[in-house]
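What follows is a single structure, written as structure tokens, with notes after it.
The values are calculated or read from the model by the stated rules, or taken from the named source; none is laboratory data. Just so we're clear, the structure is a prediction, and the values are computed from it rather than from any experiment. When we count neighbours, we look across all protein chains shown, and the Cβ atoms used for this are built from the backbone with ideal geometry, even at glycine. When the accessible area is computed, the model is the full protein with side chains, heavy atoms only, and any ligands, DNA or RNA have been set aside. Shrake-Rupley method; radii C 1.70, N 1.55, O 1.52, S 1.80 Å.
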Amino acid sequence: MDPHKADLFDEMHACSLADPEVFWGEAAEHITWYKRWSKVLDASNAPFYRWFADGELNTCYNALDRHVEAGRGAQPAIIYDSPVTQTVQTITYADLLDQVAYFAGALHARGVEKGDRVLLYLPMIPQSVVAMLACTRLGAVHSVVFGGFAPHELATRIDDAKPKVIVSASCGIEPNRIVKYKPMLDAAIEQSAHKPDCVIVYQRPQERAPLVEGRDVDWNEAVAMAKPAHCVPVKATDPLYILYTSGTTGQPKGVVRDNGGHAVALRWTMTNVYNVKPGEVYWAASDVGWVVGHSYIVYGPLLTGCTTVLFEGKPVGTPDPGTFWRVIEQHKVATLFTAPTAFRAIKREDPEASHLRNYDLSHFRALFLAGERSDPDTLRWAEDNLKVPVLDHWWQTETGWAIAGNPLGVHLFPIKYGSATRPMPGWDVRVLDSELKEVSRGDIGALCVKLPLPPGSLPTLWNADERFKRSYLQEYPGYYQTGDAGFIDGDGYVHVMARTDDIINVAGHRLSTGAMEEVLSSHRDVAECAVIGVADGLKGQLPLGFLCLKIGITRAHEEIVKEVVQLVRERIGPVADFKRAVVVNRLPKTRSGKILRGTMQKIADGQEYKTPATIDDPDVLPEIRMALRSVGYAKDAEAFKEN
Ligand code: COA
Ligand code: AMP
């Protein structure tokens, strides 16, 4: 460890909090502005802080045009690697700019202007990046919806964002099936109150979707008739995108991202967190439908002039657990970012990492993990086999980039398993107790961030300022409540332990158990229900439902379970991975009627638990244990002390 570099990072962190004008003002020099900002941070309408408020820029210009103007036109911008279609395609910056300009022209021809919303329901194909940047070029606001969501979820987002145009593709490709997007989109538009003026459909060769006359347009035809569009200057504070994420109810939260703060922060992270330079190849193995995909498949790498890898496949099975190594070798990937679950999947199929021996990864420099807690076994396995730093970092859809991480571009701090390392510049992380007091170092509490949040983090929720305040700012006045619990140790390292709400994390995907409960309780035979996340060796957590049936229901329980499983798949989508439920007579509750989900989860996971003092009837817990055992959980329950 170089103490000077560690000190340098500490100085940077201190400066970012004490003098954000200087710190972020300097970072903003890496972005091209049409109009320079006069003040870095505008706190006049706190808690709605605004970064670079009167500055003007265009994010697409910064991601494409300026690189072409600077001579990077022939450099690959995207390497599309799709083992599920056996395709590898390279798109240069000049090509991408051309495609984006024409597609922006096609959107503009359909009435899309600055501030209009465009919903994108697209798989991992280059057209997703083209469509995102085309919106950005026009100053329109994109909202990408992940392909694993069902029509109902899509309809909720259509009604909230009210898009003028929807862009989709005929299908996505999962290793075991073709996912027909268009019928799901049609069903969603049928269900939604808001109707788009137009739907642009990219027809993939694997599946041709029927088009609705008068509403739907073929992507290629729309582009063929279009004139290339120029970049439209927008205010730094104008919205760049809305990305919906799970809240505590079935109504997802529309996280808003601005243009200026986002560009500045992401550009800063590429150098200082990920340690990549313009021209290098950066790969985030995620999906454009998630925040990691927005920040680090699309914007971060392109704002930096890197080559980004767009991977349409899985870590295993497409075709084998050597796929990641093949991509790293073939495309000279310098840095990979993915979720621990991807590595658990590889490790499970190839524990000896024998596939790795077939590839030359000598140019590979670092692996970054996020999206869920990194288990030390997996992290160690990756370190031992890859022989590069394996760096956990902690962030959320809301934050857009890492709250805590190991800033490889400044200094590699010693790695502690189970910790995301240090708060990044701009993040004043505190651990608070229920009385809003800071706890001592090492004690667990609510992980909160003292306001203001840094550039790039959410300024608000779409059309929901009050919900923004209620969800994040109300419980701990003056702080942003992350919803995670954890502690900061004596070395200032942040340890994220668990969510404090009903969010669970399945294969790095964030899901609301509340939303699943809403679906279960809509089944005609279900009187009451609960969903918890149980530990899973591959996916981190998996949802498990408990059903209390209405009096007089005599149908076979297996049948009802099958129906609710299908219902969640239809209403939320396959991404929920809801495959198991058990029927119980009653649920454990407090005397005030609150379901004791935390205790149920501990029983399921075989952890020690105490019977809560507030429980209404302690005899329910053994019943829950029996029910859990019937589906293979709560195996060690006998060892518990119930006191
Ligand atoms: N469109 C339609 N369906 C999708 C989908 C998409 N884009 N993505 C996933 N699904 C489906 C899957 O086919 C699966 O359906 P099934 O129940 O019929 O099998 C279901 O949603 C659950 O998907 P997932 O949890 O991803 O499971 P999986 O078995 O397909 O893959 C992993 C497991 C671990 C290999 C995969 O989740 C992974 O690579 N995750 C790490 C990377 C990542 O995505 N991180 C997210 C944020 S960084
Ligand atoms: P998402 O909004 O989908 O990115 O999910 C954010 C949530 O994932 C966080 O609030 C955490 O609960 C969890 N998470 C993300 N990264 C980490 C990490 N490195 N360690 C522990 N939990 C994480």
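Compute, for Lys35, the solvent-accessible surface of its heavy atoms (probe 1.4 Å) with the complete set of protein chains present, and express it in square angstrom to the nearest 10.
So the heavy atoms of Lys35 present about 90 Å² to solvent.
Measure off 7 Å from each Cα along the Cα-to-Cβ vector at Glu608 and Lys114, then give the distance between these two points in nanometres to one decimal.
Going by the 7 Å Cα→Cβ label model, 6.2 nm.
Given 20 Å bins starting at zero, what is the percent of C-alpha pairs of the chain in each, up to the one with the largest pair distance?
19, 54, 26, 1
With θ taken as phi - 60° and the coefficients 6.51, -1.76 and 1.60, list the Karplus ³J(HN,Hα) couplings across segment 458-463 in order, rounded to whole Hz; mark glycine and proline as x.
5, x, 5, 9, 4, 6
If you take the charge dipole of the chain about its Cα centre, with +1 on Lys and Arg Cβ and -1 on Asp and Glu Cβ, which of Val575, His523, Asn463 is farthest toward its positive end?
Value computed over the given set: His523.
Roughly how big is segment 503-639's charge dipole about its Cα centre, with Cβ charges of +1 (Lys, Arg) and -1 (Asp, Glu), in debye to the nearest 20?
200 debye
Using a simple spin-label model with points 7 Å from Cα along the Cα→Cβ vector, what separation in nm is obtained for Thr85 and Asn463?
For Thr85 paired with Asn463, the spin-label model returns 3.3 nm.
Probe radius 1.4 Å, ligands and nucleic acids ignored: give me the carbon and sulfur share of the accessible area of the chain as a rounded percent.
50 percent
Place a label point 7 angstrom from the Cα of Lys416 along the Cα-to-Cβ direction, then list the residues of segment 484-512 whose backbone nitrogen is under 12 Å away.
Flagged as within label range: 487-496.
Which of Ser246, Met225, Leu211 sits farthest toward the positive end of the charge dipole of segment 207-267, with +1 on the Cβ of Lys and Arg and -1 on the Cβ of Asp and Glu?
Ser246
Tell me, what HN-Hα J-couplings in whole Hz come from the Karplus equation 6.51 cos²θ - 1.76 cosθ + 1.60 at θ = phi - 60° for each residue of segment 76-90, using x for Gly and Pro?
Those phi angles translate into x, 9, 10, 10, 8, 10, 10, x, 6, 10, 6, 10, 10, 9, 10 Hz.
How large is ³J(HN,Hα), in whole Hz, for each residue of segment 25-41 in order, when computed from phi with the Karplus curve 6.51 cos²θ - 1.76 cosθ + 1.60 and θ = phi - 60°, using x for Gly and Pro?
Values, residue by residue: x, 5, 4, 6, 5, 7, 10, 8, 10, 6, 9, 6, 5, 9, 9, 6, 10 Hz.
Quick one: of the DSSP bridges fully inside the chain, what percent are antiparallel, nearest 5?
Percentage antiparallel, nearest 5: 60.
Would you please give the residues with an amide H less than 5 Å from that of Asp392, counting only those at least 5 places away or on a separate chain, with H modeled from the backbone geometry?
Here the answer is Leu369, since their amide H atoms fall under 5 Å of that of Asp392.
Please give the net charge around Ile173, taking every other residue with its beta carbon less than 10 angstrom from that of Ile173, where Lys and Arg add +1 and Asp and Glu add -1.
-1
For the chain, what is the mean residue ellipticity at 222 nm derived from helices alone (per DSSP H run of n ≥ 4: -39500 (n - 2.57); sum divided by total residues; nearest 500 deg cm²/dmol)?
So the calculated ellipticity at 222 nm is -8000 deg cm²/dmol.
From the Cα gyration tensor of segment 243-368, with a ≥ b ≥ c the square roots of its eigenvalues, which class applies: rounded if a/c is under 1.5, or else prolate if a/b is larger than b/c, or else oblate?
Because a/c hits 1.5 or more and a/b fails to exceed b/c, segment 243-368 counts as oblate.
Just to confirm a number: summing +1 for Lys and Arg and -1 for Asp and Glu over residues other than Trp283 whose beta-carbon lies under 14 angstrom from that of Trp283, what do you get?
That works out to -2.
Which GluC sites (Glu not before Pro) from segment 549-639 combine a DSSP loop assignment with at most 15 other Cβ atoms within 10 Å?
Those that pass, being in a loop and sparsely packed, are Glu608.
For segment 503-639, compute the orientation-averaged projected area of the C-alpha convex hull (one quarter of its surface), in nm².
Seen from a random direction, the Cα hull of segment 503-639 projects 8.1 nm² on average.
Would you mind putting 143-152, 171-180 in packing order, based on average other-beta-carbon counts within 10 Å, highest first?
In descending order of packing, they fall as 143-152, 171-180.
Just how large is the dipole of segment 406-538 about the Cα centre, in debye to the nearest 20, putting +1 at every Lys and Arg Cβ and -1 at every Asp and Glu Cβ?
With Lys and Arg at +1 and Asp and Glu at -1, about 480 debye.
Please list, ordered by chain and number, the residues whose modelled amide H lies under 5 Å from the amide H of Ala77; skip anything fewer than 5 residues away on the same chain.
Ile91, Thr92, Tyr93
Just going by the charge dipole of the chain, with Lys and Arg at +1 and Asp and Glu at -1 on Cβ, which of Val276, Ala627, Thr614 is farthest out on the positive end?
So the residue we want is Ala627.
Could you tally the net charge around Asp10, taking each other residue with its Cβ under 12 Å from the Cβ of Asp10, Lys/Arg +1 and Asp/Glu -1?
Local net charge: -1.
With charges set only on the Cβ (+1 for Lys and Arg, -1 for Asp and Glu), what does the dipole of the chain come to about its Cα centre, in debye to the nearest 20?
It comes to approximately 700 debye.
Using a 10 Å cut-off on Cβ atoms, rank the peptides 298-305, 574-581, 354-361 from the highest mean neighbour count down.
With the highest mean Cβ count within 10 Å placed first, the list reads 298-305, 574-581, 354-361.
Between Asp384 and Glu221, take the C-beta separation as r, use R0 = 56 Å, and let me know the FRET efficiency to the nearest 0.05.
Working from the Cβ atoms, E equals 0.60.
Taking Rh as the Kirkwood radius computed over C-alpha pairs, what is the Stokes-Einstein D of segment 127-180 at 37 °C in a medium of viscosity 0.692 mPa s, expressed in µm² per second?
262 µm²/s
With r as the distance between the Cβ atoms of Asn358 and Glu623 and R0 = 60 Å, compute the FRET efficiency 1/(1 + (r/R0)^6) and round to 0.05.
Plugging the Cβ-Cβ distance into 1/(1 + (r/R0)^6) gives 0.70.
Quick query: amide H of Ala581 versus all other amide H atoms, modeled in the peptide plane; which residues come in under 5 Å with a sequence gap of 5 or more or a different chain?
For Ala581, whose amide H was placed from the backbone, the distant partners under 5 Å are Gly545.
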